[in-house]
Amino acid sequence: MENYWMPLLGGVLIGLSSSTMLGGLGRITGISGILGVSLSKPSRENNWRYAFLAGLIGGGALLLFLKPGYFDYSLDYPIWQIIGAGLLVGFGTRLGSGCTSGHGVCGLARTSGRSLVATVLFILSGMLMVAVRGIFS
Amino acid sequence: MMSVFIAFISGLIFAVGLVVSGMTNPEVVKGFLDILGDWNPALVFVMGGAVGVNFFTFKFLEKRKPMCAPAHFLPDNKDIDRKLAFGSVMFGLGWGLLGVCPGPGLVNLVTLQSGALLFVGSMLAGMFAFKLWTKP
């Protein structure tokens, strides 16, 4: 149990962040949507999206500076695995209108049926992928 | 201007939440998805904490006008359709393949590791492909 205080604290921070977005801007904090819409040509409409993404990177940079130990892991995976995952995550989150933040963190809290279906599906298919790769490795 | 400031601070807090919870480490995420192996329930606590807070705050906030907007921008689509299902399955397969979803993928850019850059590049390519595909 001791090891789960940080995940719980992190989760609460993520909740407070998305609550701030809803109370401040009236927006759902869906990172794939924010990023996907930001890919269109620059517009004032998207300023809050650029700002959120800048904050996300800024927050990571701040922790890397203050507590580099948090980043003590390697992202050294086979190239095909990284590219395949990136393409599936990018296309899939846009087609399914959301990812772990929009459907999971926000949609579930709003008891949205769509988000519940999406979350169950992406968790089950993630588990399937890990299981299948486990069998073949 | 205020909305830009709020969005920046929210992004900052979101990133700190992702990092301290361990969600930026792909092995922790794959550990959660690995139900047949050495299961790591950390993600349950992250989701529980986040949804637990939002479940109460959203109810309250949705009844009030947002601070910097005339009204809420909430999704009104209720259709559980093929797009939602196929998209979520695709995303899940990619998530399980590497253990990285969009938020942690972006945060990992700060490590300047080539894997982080390659993942975000590929994710953007996937999003761009979707844009081209949906163009009439």
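Computed from the coordinates by the stated procedures, all read-outs in this text should not be read as laboratory data. Nothing here was measured: the structure is a model prediction, and the numbers come from that model. Here the Cβ is made from the backbone with ideal geometry for all residues, glycine too, and neighbour counts use every protein chain on show.
Whole-Hz Karplus ³J(HN,Hα) for the stretch A:103-119, in order, using 6.51 cos²θ - 1.76 cosθ + 1.60 and θ = phi - 60°, x for Gly and Pro? Values, residue by residue: 7, x, 5, 8, x, 5, 5, 8, 6, 7, x, 4, 5, 5, 4, 4, 5 Hz. Just flag the chymotrypsin sites (Phe, Trp or Tyr not before Pro) in the stretch A:46-137 sitting in loop per DSSP whose Cβ has no more than 15 other Cβ atoms within 10 Å. Qualifying residues, ordered by number: A:Tyr73.
Per residue, how much space in cubic angstrom lies within the convex hull of the C-alpha atoms of the stretch A:1-73?
Values: hull volume 9.0 nm³, N = 73.
Normalising the Cα hull of the stretch A:1-73 by residue number yields 123 Å³.
Considering only A:Gly84, A:Gly30, A:Gly92, the Gaussian network model of chain A with Cα springs below 10 Å gives its largest mean-square fluctuation to A:Gly84.
Would you please name the trypsin sites (Lys or Arg not before Pro) within the stretch B:1-106 that are DSSP coil residues with at most 14 other C-beta atoms within 10 Å of their C-beta?
Working: sites: B:Lys30, B:Lys59, B:Lys63, B:Arg64, B:Lys78, B:Arg82, B:Lys83; in loops: B:Lys63, B:Arg64, B:Lys78.
Passing sites in the stretch B:1-106 are B:Lys63, B:Arg64, B:Lys78.
Just so you know, the averaged projected area of the alpha carbon convex hull for the stretch B:2-133 sits at 10.5 nm².
Sequentially through the stretch A:44-56, phi angles give Karplus couplings (6.51, -1.76, 1.60; θ = phi - 60°) of 4, 3, 8, 4, 5, 5, 4, 5, 4, 5, 5, x, 4 Hz, Gly and Pro residues having no value and appearing as x. With the simple model of a label 7 Å out from the Cα in the direction of the Cβ, A:Asn3 to B:Lys83 spans 4.1 nm. Derived scalar couplings between HN and Hα for the stretch B:39-54 equal 5, 10, x, 3, 5, 4, 6, 5, 4, x, x, 5, 5, x, 5, 5 Hz in order, rounded to whole Hz, by the Karplus curve 6.51 cos²θ - 1.76 cosθ + 1.60 (θ = phi - 60°), x for Gly and Pro.
Contact order for chain A, expressed relative to its length and based on alpha carbon pairs under 8 Å spaced 6+ residues apart, stands at 28 percent.
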